[in-house]
Structure formats: structure tokens, C-alpha cells
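The block underneath contains the structure these notes are about, expressed in C-alpha cells.
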Amino acid sequence: MAHAGLLLLISLTISVGQAFSFYGGSMTFMPGNRYPGGKVEMHFYYRESGKLPCDPQVAWVCDSGDCGILTFSEPEVTEQDHSGQINWCQYERHMTTNVTGDEPFTLSDSGCCWANNVHDVREWTLHSLVDTRQRSDTQTANKSPVSATIPNIRVPQNCFQHLHLLAHDPDGDNVRCKCAFCHQHPNINLDEDSCTLSSNGTLDLGLHVFEFTMEDYPVSNITLTKENGISSVRNPYNQTANIDSTPLSQVPLQFGVEILTPVHSCVPGVNRPSLLTPTPLHGDVQHAAVGSVHIITLRAQSSGNSIFDFQVSGPWNMSKSLRNASQGVTEAMLTWTPQESDLHHHVPVCFTAETLQSQSEMRCIVIIVAKSRVLSGEAEVFCEENSISIAISKASMKGIDQNWLQLRDPTCSLTSNDTHILGMVSLDTCGTTVEDSGDFMVFRNEINSFENPNEVITRRNQVKIGFSCQYPKVASVSNHYINKKSDFIFTESRFGTFSYSFDIFTDNNFSSPVDPSLYPLEINLMDVLYMGIAAHSALPEVQLFVESCRATPDDNPYSALSYDIIKEGCILDGTVEVYHSDARTYDFGIQAFKFTGGYNEVYITCSVILCAEGISNSRCAQGCLREPARKRRRDVSKETDRHHITQGPFRVARHTQHSAAESENGGSLHISAGTAVFSGLFIVSIVVLVGLWVYNSKKTRATDRMYLMSNF
């Protein structure tokens, strides 16, 4: 008995020792496929930090609602301690489930224990609220806010001022950070709008635990709709008005901040590493493509202490290589190749430069994964003494509508002449920001295309042009369409063997299908696609009915993101024109479009039915059903099952674009010789420039524009 008691005591001691290892965790989620019958596939991405060994502590379970059956991938280590001091690690896990989409549900878990900390917080609880009803603005289920932190945040006691947390939302919602127990930190303030922690006093040495809940709220009123058509309203967040401000979702962000002993100086680059150009700035958004290598370059300097590593929280298959440069500068190259399973995922990546005594500020960025790369356009950027000018060649951006372009501050207008789209900003107007990147002062602005927020599709090219001095850069997106012919053959007992063809024609005569040798076919936005569906059957009296046609950005007809062209036999797209045809064909034209949000392909899937002619209660005879209540009992013996036929992908024709610019990971734009000369003077004159800001801000924008236009 004594021996058994001793074994039990040893077991408890080991388990308690292992339990004090939790360092925090974060969760994001996004919808996947939406299947017939209302099933929605949900993807969850969870990161957990703790002490080695890197064993998962959190086991997500269904707390309320219909969560479906959760399936878990094996945990993959994303980062671990290389200093030998704390022996921490972080791992990532992917979970999926299929749910009905009718009601919200919650996932949660709790346990013990946090690592030893100042306020003796022991128990941890993680909670996620998920709502898979369809949003009226995006036409898909809600995506959660995206955030993360590095596993081990360390700050000298006399250097803690601000901690900026990543608060990105894929749907463009407002994100707020809630902290139920932040009152335990009397010298810490939380700005819930910007998700920023600020110090208003001295923090005790040791680990401080922060347990946040991130919530997203729509920027305007939207509806959430069940599969049965019942909707409810969601309002923007308003702390003062007497309205319901229920969040669209909730996800956890929990982390610890280690307050270290004071250092002699908090000047970046001395005792604490300073991040240098071309390290991405906090909150930057980058774009990657499935199957293509994406590279992020990090660069930092510390003259007082040697940088031995960069701590990174990123996807599990991201690799890191280090290189020591001169004068205390260390570089890291992060390399990642997104997989097909990463498509449409907004992936958070956080990083710091590490010394044994301290670390740099933490920066976090987001990588959006698409099927193809962002393309370059042709532009010139001019760094003047008191302004930045950009001239975009119209020839390299055919099809761009200037009326749908704006600067960061939309009240500042763009101008144009016969050959260029022109923009000029002062160094302190039009949304221009100034940043200390470590070794340079960088002034940044950008030109963006904007869309009607209520539209799911667009017939305009998407443009995003960031420009800056000293390191100007330009990137734009111009997408393309292709398509191909498909024939579909089916056999049913009542109708025998029959088939459908889905073709693209050269004109509205629908007599000349596009020559297969011309595929992939390239067309322009706003061009009319002439499409024809035909039924082929040996039976003499049959009738074709096109019940629905929906567009998706990939070849998955159940994609969460879709656009209905025809639904329940009703034409929903205003550009569709149906041409006279016989009972077995359905010919129509539609203006070419693409999906907003960086997608470059469009697939069209139609649901078709073959009916016996002259049957009054067949689906073909019912025609357009705008109200489900109008549906009547059908004679299914006189019609086929629904069959889905697909045409695509389509791509918008790419116009030749001269090499301008930047790689998508942050290269620099080649500018004129005069600009190159000025670039050398820019650094020398930066002090004078700052002194002239107040004076220069009084110069009118009109004068600046006239000056720019006179040079073209």
C-alpha cells in the first residue's frame, strides 16, 4: 500500500509539473463547401503555445448547438525555443466539421494550468462562437477575425509601452478585442477598437497573462439567413445606442508577456533589436498562390547584443533560414509554399528578432492564399521634397476605370491625361503615413479600386497600387478568363441514355462554337459570353429546363462563395439575355465578370432537368418560382433527376504589362535617373523635411496636381 501511495504521489507530481505549461492559444475559422440540403463545411485553425514537450492540452469540444462531428489533423510544431532558456514551443492544428447552418454553435475547452505568472492565473478557458448562416453582403458564411502572437513575448520592464495585436477580418468587419480580466493589470490599458495594449505605469517582473476574446461586427446592417429563408439582422457595434450589437463570431486570443529586468537603454537597435527594411510592417497583407513559393524577408539590427534567431508564428510548413550580415545586422528568409488546402485562407504570421536579453517589437502580417499570383503593372513614382507623385501608364492597365480608383483618403482625387492616371500627395495629407522602418523614414500611400459593397461580382479589374518613398512599389491585379467545352452523358430508366452539351459560341447566332484550338479562350470584362445548353435524347417529345446557374471562383460547385445567375428558374443577373430556341436548347448571353477579393477564375455550373412535353405539373412547366410556397407536387415520373453541368474556368484576357515593379514580396520599383539622385539626397534632407511639414501642408492640392500634369 505504501508503495502504491508513493507511485501515486510521483504520478501526481509529474502531472502537475507538466500541467504548468500553457502559454496561450488562438483560433480562426472559415467556411468551405456548402452542400445541397444546407450542410456547410467549416475549417478551424488553432495554434497553442506551451513548454516542451510540445503536447497539445486543448481538446475542442461542442459546448452548445449542432457542431457536427469534429475531425482533427495531427498537431504540427510551428516554432520552438532555440535559446535553451525557457524551452517553449508552438504547434498548429486543423479541424473540420459539417454542420446544418441553421443555428450558431460554440466550441470550448478549459483546463489547468497556465505557466507560473504574476497574478497566479491557473485555469484557462477557450471559447469560439460560430454562425454559418449566409450573410447578405458576402453571400457566404461568416469568417472569423484573424490574429495570432508569437509563443514567447519578452519586454524589459522599462521598455514596455505598446503592444499592437493583429486584428484582421477577411470579410472587412470591424474587430474588437474584449478582455474580461484585464482589471488584474492595473497599469495596462486596452484599446478595444485597435486591439492595442498600452502601459500607464511599471509592470511587475514575471509573466503577465492576457485572455482576449476577438469579436467581429458588420460595418453596416446585414442579414443572416437560414436554409429555410428565415433571416435575422446584425447591426454595427454601437456602445451607446440602444440597439442589439451581437457579434458575428467570437474567437480566443490568449498569450503571456514576460516582463524582464530593466536595461540601460530602450533605444531600438542597441539593447533591443530594431527591425529594418524590407521587413514587412505590422498589419501588412501579402498575397500568395497555391503551389508557388512565397518568400518573406526579415532584417534586424542590434549593436549591443547578438541576434541569434527570429521567433516566428506561422503555418507549420513554413521554413526559416538565417544569415548574419555586417554591423550587427541579421537576416531571416521565411519560405512557404501554400497547398490546395490553404486556398482562400487568410494566414497570420507574427515575428520578432531575438537576443538572449530581449527581443524586437512584435509584428504580424496576413498572407491571403489565391490560385494565382498578383501581377505587375507599369508606373513611375517621383519623390519630391514635399510630395510623392505617381503616374500609371494607361497602356499597361487596359480596362481600368479611373472612376473606381481612390487614394487611401477617398476625398483626395486622382487626375489623368491622355496617357497616364496621375496622383500626387503631400507628405502629411491624403492618408499618407510616415513610418520608421529602422534604417529609413518611409512615406506610404496607395491607390485602390473599390466596389459596391452590396455586389458579389464585378465587371471591373481589381487594382491595388501601393507606393512609397524611399522604396516605391507598384502592384496591380488584372485577371483573365478561359473556357472549355464539356459534354455530359446520363442514363435513367425512364428516359434511357441522354446527354447535355454546354458550349461557348462566337456570336448570338449560336451556330459557330468556339474552335477548340483557341482554348484557353481569353475575353475582356464586359464582353458578352454567348453560352448554349442543349439536350440530346432519342425520345421524340422532351423538353429542357435550366433550373439554376451559379458561378463560383473554383471548380467546386458547392463553394461557399458563389453568385446566382439563375435560381429556381428565375434570371437574377441583369445582363442575361435569353435568345429564342427550341424545346431542347437554352441559349443566353451574359456580360463577363469576375469575383471580387482577388479571385482570377470563374466556373459556371447549371442544374438542368429533362421533362416529357405537355405535362402541366412537371418542373419544366412550373418555370420561375420566386416564392418556395408556389412549388406544387410534381409528376417525377415524367422528368429526369437534376443534373449539374459545368463550363469553365473563364479568365479575363491579360493585357501585356511591362515589368514595373516589385516582386509580390516587396521588391522596389526602378525609377528615373532624377529620382535616383534625389533618393540619395532624401536621407540627408529628412531632418529638414520634417521641419518643413507644417509649411508644406498649406500648399493646395490643386497646385500640386497642375504641377504634375504639366510634366506629361
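Brief remarks follow.
A quick yes/no check of all residues on (1) over 30 Å from SER559 (Cα atoms); (2) modelled with pLDDT of 95 or more:
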position: LEU298; (1), (2): yes, yes
position: SER306; (1), (2): yes, no
position: VAL312; (1), (2): yes, yes
position: ASN324; (1), (2): yes, no
position: VAL329; (1), (2): yes, no
position: LEU334; (1), (2): yes, yes
position: VAL347; (1), (2): no, yes
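- Annotation for region 561-573: at least one member residue is surrounded by fewer than 16 Cβ atoms within 10 Å (Cβ to Cβ) and modelled with pLDDT of 90 or more.
- Residue in region 240-247 that is under 30 Å from the mean Cα position of the chain (by Cα), closer than 20 Å to ASN152 by Cβ and not assigned by TED's automatic domain parsing to the domain that holds HIS344 present: no
- Number of positions in region 256-290 that are touching a Leu at 6+ places or on another chain (Cβ under 6 Å) and assigned to a loop (DSSP other than H, G, I, E, B): 2
- Within region 578-597, residues that are assigned by TED's automatic domain parsing to the domain that holds SER499 and charged (D, E, K, R) reach partners that are surrounded by fewer than 19 Cβ atoms within 10 Å (Cβ to Cβ) and modelled with pLDDT under 90 with beta carbons closer than 6 Å, at six or more positions or on different chains, in the pairs ASP587/SER581.
- The strands (runs of 3 or more DSSP E) found wholly in region 300-378 and carrying at least 3 residues that are touching a residue at least 60 places away in the same chain (Cβ under 8 Å) and not hydroxyl-bearing (Ser, Thr, Tyr) occupy 309-313, 346-354, 363-370.
- Taken across region 213-236, residues that are part of a loop (DSSP other than H, G, I, E, B), among the charged types (D, E, K, R) and over 30 Å from GLU354 (Cβ atoms) do occur, with at least one present.
- Beta carbons closer than 7 Å, at least 6 apart along the sequence or on distinct chains, pair a first residue in region 268-281 that is under 7 Å from ALA300 (Cβ atoms) with a second that is of a type outside the set (S, T, N, Q) and part of a loop (DSSP other than H, G, I, E, B) for PRO273/ILE307; SER274/GLY438; LEU275/GLU361; LEU275/GLY438; LEU276/GLY438; LEU276/ASP439.
- Residues satisfying the stated conditions in region 547-560, i.e. in contact with a Phe, Trp or Tyr (Cβ under 9 Å, 6 or more places away or on another chain) and either modelled with pLDDT of 85 or more or not acidic (Asp, Glu) (or both): CYS549, ARG550, ALA551, THR552, PRO553, ASN556, PRO557, TYR558, SER559
- Whichever residue in region 220-242 is touching a residue at least 60 places away in the same chain (Cβ under 8 Å) and of a type in the set (A, V, I, L, M, F, W, C) and, among such residues, is surrounded by the fewest Cβ atoms within 10 Å (Cβ to Cβ): LEU224
- Test: residue in region 50-63 that is farther than 25 Å from GLU215 by Cα, at pLDDT 90 or above and not aromatic (Phe, Trp, Tyr): no
The values are calculated or read from the model by the stated rules, or taken from the named source; none is laboratory data. Computed from a predicted model, the values in this text were never measured in an experiment. Methodologically, a virtual Cβ is constructed for each residue, glycine included, from the backbone with ideal geometry; neighbour enumeration extends over all protein chains shown.
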